[in-house]
């Protein structure tokens, strides 16, 4: 183990944040942004490295250290996943089970077992489908120019194929600052245009179902709430935040038959009001997306994590550097 890592993690734990683990075959076809995707092959290398060099804690031991104010042991870490993607069961879980590595998955309960996507993936799929239609149907291009005044969308639909991914990413970043109603309006306009050109988005189930969750819950995987609808909580009223926190926990507990005490803020966004509501909703700890380590003196409702994805950690030296904090 790198001596710098030993110093960096003295009396602290670090929490890894994953989202999607995809096969090589699908690596060029998924609709998610690069910052939440890692290949199965790279994930396997990382888990073997963690198993051999770190103390990967079960969720209950992590929480016990925090609540009991017990110093974390050397090289302690926690593995987490946000969203509850189906590929967590298909690709990550078999590796975790084989290596005996515990992990925690935070699910948005409205999406469990449903054939629907987060708004980011919905927009990405619609835009890719429309762009492909434009490349082969000249009349579609005329239709867009005549009936689709949104210049940002028009730029995406009419750009070269090798620029589409970058343009879509920029558009999604812009939408993250908009109200939920504006995002819904953009999706509806894109859906209407999609129907005009007779293109359908992929409806394959992307998220876990309850049977898959129960299998993992019986084999070393813990589950927590990522809210109900994956909406950004800081944009909601107090009553809406309470509904997201309480109803998701109650459903998870009903389905799993065990207490659910952990929460992950959708998109990592929180405020003092949000953290207070989450605490009052029966959660013992909550996780953010802010980067860093965690000590027993840190606030347990804003636990920092380290986001791991393919672009920055596709080999072990880069993975370790990412964990230590070089980038």
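Every number in this text was worked out from the coordinates using simple rules, so none of it is lab data. All values reported here derive from a predicted model rather than from experimental measurement. Neighbour counts run over all protein chains shown; Cβ positions are idealised from the backbone, glycine included.
With both labels modelled 7 Å from their Cα along Cα-to-Cβ, the residue 48 to residue 237 distance reads 5.4 nm. Relative contact order, whole percent, for the stretch 264-327 stands at 25, derived from Cα pairs under 8 Å and 6 or more residues apart. Our note on the geometry: Cα centres of the stretch 57-82 and the stretch 273-327, 12 Å apart. Per-residue packing, averaged as other Cβ atoms within 10 Å, sorts the ranges 120-129, 96-105 into the order 120-129, 96-105, beginning with the highest. For the stretch 208-232, the residues whose backbone nitrogen is under 12 Å from a point 7 Å from the Cα of residue 86, taken along Cα to Cβ, are 208-210, 212.
Angle check, please: helix 180-196 long axis (alpha carbons) against the longest principal axis of the chain (alpha carbons), in degrees 0 to 90, nearest 10. So the inclination is approximately 50 degrees.
With semi-axes defined as the square roots of five times the eigenvalues of the C-alpha gyration tensor, the equivalent ellipsoid of the stretch 236-286 measures 19, 11, 9 Å, largest first. With respect to the chain, whose longest principal axis is taken over its alpha-carbon atoms, helix 164-175 is tilted by about 70°.
With a cut-off of 19 Å on the backbone N, the residues of the stretch 65-101 near the modelled label site 7 Å out from residue 295 along Cα-Cβ are 65-78. Per residue, the average separation of C-alpha pairs within less than 8 Å and at least 6 apart gives the chain a relative contact order of 25 percent. If you line up the long axis of helix 138-147 against the longest principal axis of the chain, both from Cα atoms, how many degrees apart are they, to the nearest 10? Between the helix axis and the principal axis of the chain, the angle is about 80 degrees.
Could you tell me what fraction of 2.2 N^0.38 Å the Cα radius of gyration of the stretch 190-327 comes to, as a two-decimal ratio?
Working: Rg = 18.2 Å, N = 138, 2.2 N^0.38 = 14.3 Å.
The value comes to 1.27.
What list do you get for 302, 322 if you sort them by fewest beta carbons within 10 Å?
Details: 302 15, 322 19.
Final ranking by Cβ density, sparse to dense: 302, 322.
Dividing the summed helix terms, -39500 (n - 2.57) for each DSSP H run of n ≥ 4, by the number of residues in the chain produces a 222 nm estimate of -13500 deg cm²/dmol to the nearest 500. Distance from a point 7 Å along Cα→Cβ of residue 64 to each backbone N in the stretch 96-126: keep the residues under 20 Å and list them by number. In the stretch 96-126, the label zone of residue 64 (backbone N under 20 Å from the point 7 Å along Cα→Cβ) covers 100-105. For the stretch 13-80, the equivalent ellipsoid derived from the alpha-carbon gyration tensor has semi-axes of 30, 13, 7 Å in decreasing order.
Taking Cα pairs under 8 Å and at least six residues apart, what relative contact order does the stretch 170-302 come out at, in percent? Show your work: numbers first, answer last.
Values: 121 pairs, mean separation 25.9, N = 133.
The value is 19 percent.
What ranking do 256-265, 66-75 get when scored by the average of other Cβ atoms within 10 Å per residue, highest first? Walk me through the numbers before you get to the answer.
Values: 256-265: 19.4, 66-75: 14.2.
Order by mean packing, descending: 256-265, 66-75.
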